[in-house]
1. Over region 3-256, what is the percentage of antiparallel beta bridges among all DSSP beta bridges, to the nearest 5?
2. Which aspartates and glutamates have a Cα lying under 14 Å from the Cα of K228, excluding residues fewer than 8 positions away in the same chain?
3. Take E243, E215 and order them by how many other Cβ atoms sit within 10 Å, fewest up front.
4. Can you list residues from other chains, or at least 5 along the same chain, whose modelled amide H is less than 5 Å from the amide H of E40?
5. For a footprinting-style exposure proxy, rank R247, R125 by other Cβ within 10 Å, fewest first.
6. Classify region 3-256 as rounded, prolate or oblate from the Cα gyration tensor: take a ≥ b ≥ c as the square roots of its eigenvalues, call it rounded if a/c is under 1.5, otherwise prolate when a/b beats b/c and oblate if not.
7. Read phi for every residue in region 165-182 and hand back ³J(HN,Hα) as whole Hz from Karplus 6.51 cos²θ - 1.76 cosθ + 1.60, θ = phi - 60°, with x for Gly and Pro.
8. In what sequence, highest mean first, do 151-163, 78-90 appear when ranked by Cβ atoms within 10 angstrom?
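Readers should treat all values here as calculations from the given coordinates under stated rules, not as data from a laboratory. Worth saying up front: this structure is predicted, and the values here are computed from it rather than measured. Positions of Cβ are generated from backbone atoms using ideal geometry, with glycine treated the same way; all protein chains shown enter the neighbour counts.
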Amino acid sequence: MNRRDFGHRIAAAALVSTALAQKSRAEETAIFTPSGKPLEIGMLLYPGLTLLDLIGPQTVLAGSSKIHLVWKTHDTVVSDNGVGVQPTASFSECPKDLDVLFVPGGPGMIPVMRDLEALAFLADRGARAKYVTSVCSGSIILGAAGLLRGYKSTSHWAVRDMLPLFGAEPVEARVVIDRNRMSGGGVTEGIDFGLVLLAHLRGEQTAQLTQLALEYDPQPPFHAGSPKGAGPMLTQQMMKILEPWNRQIPLIAAALNGGTGK
């Protein structure tokens with residue numbers, strides 16, 4: 001049995017179990033979509049994306065969803081660690097009305113933020129999607145597409161303070177929900193994000209069964225996963241590494257806002 005089949009069986013078992021426990025149609029509709037069909041999720045691909053930003057949520061959500069991995073063409077997209085990902089849909093082929101629009105982060109974010117075709121695609125699908133979501137610096141890309149103005153959001157700790165450049169209010173949290181916007185923090189927090197989103201879409205029991213199947217019970221060997229835990233020396237070293245990318249974000253924001261930066 002492959003991972004996808006395993007995920008489908010878990011999701012199906014959870015849905016049946018939950019449905020039997022419900023006593024009213026109103027409670028049932030909190031678990032099932034009105035059509036009974038898999039959720040339509042569009043996940044943006046782009047060269048240089050961080051693979052775990054994508055694979056964490058994709059693994060959590062795949063069991064109960066039809067996931068479209070979307071880019072301009074069907075050519076293989078190479079992630080930041082050199083692993084290729086095959087798109088399943090082009091921009092024009094992606095469903096017009098999505099249950100979830102999702103954007104991962106990664107060092108390739110800078111070219112995407114300057115790519116008017118990619119930004120137009122996000123703005124179009126995001127205007128109609130039930131949920132507009134991101135992990136890591138994917139929220140900065142959503143901001144560049146004009147989809148976070150007036151919303152609270154999180155991002156990777158190293159770029160979170162740049163969210164106001166795109167009209168968003170930064171929040172320090174692993175997962176932030178503001179109306180139909182949902183964002184996860186950096187990289188590994190994509191699994192937390194995926195489980196929270198799955199609970200919203202399919203119910204907590206489905207999310208808990210999925211977490212159990214994935215054996216997601218983190219016990220990190222070090223407490224260096226945040227600036228607070230890592231301390232100032234490691235944090236400064238990381239900021240120096242990220243500086244070539246981070247210094248370009250305010251410039252892009254200013255250009256998108258007609259040179260005002262507001």
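1. If I count the DSSP bridges inside region 3-256, around 25 percent turn out antiparallel.
2. The qualifying aspartates and glutamates are E172.
3. With the sparsest Cβ surroundings first, the list reads E215, E243.
4. It is K66, D99, V100, by chain and number.
5. In order of increasing Cβ crowding within 10 Å: R247, R125.
6. Details: a/c = 1.72, a/b = 1.38, b/c = 1.24.
It comes out prolate by the Cα gyration axes.
7. My calculation for region 165-182 gives 4, 10, x, 9, 9, x, 10, 8, 6, 6, 9, 10, 10, 9, 6, 9, 9, 9 Hz in order.
8. 151-163, 78-90
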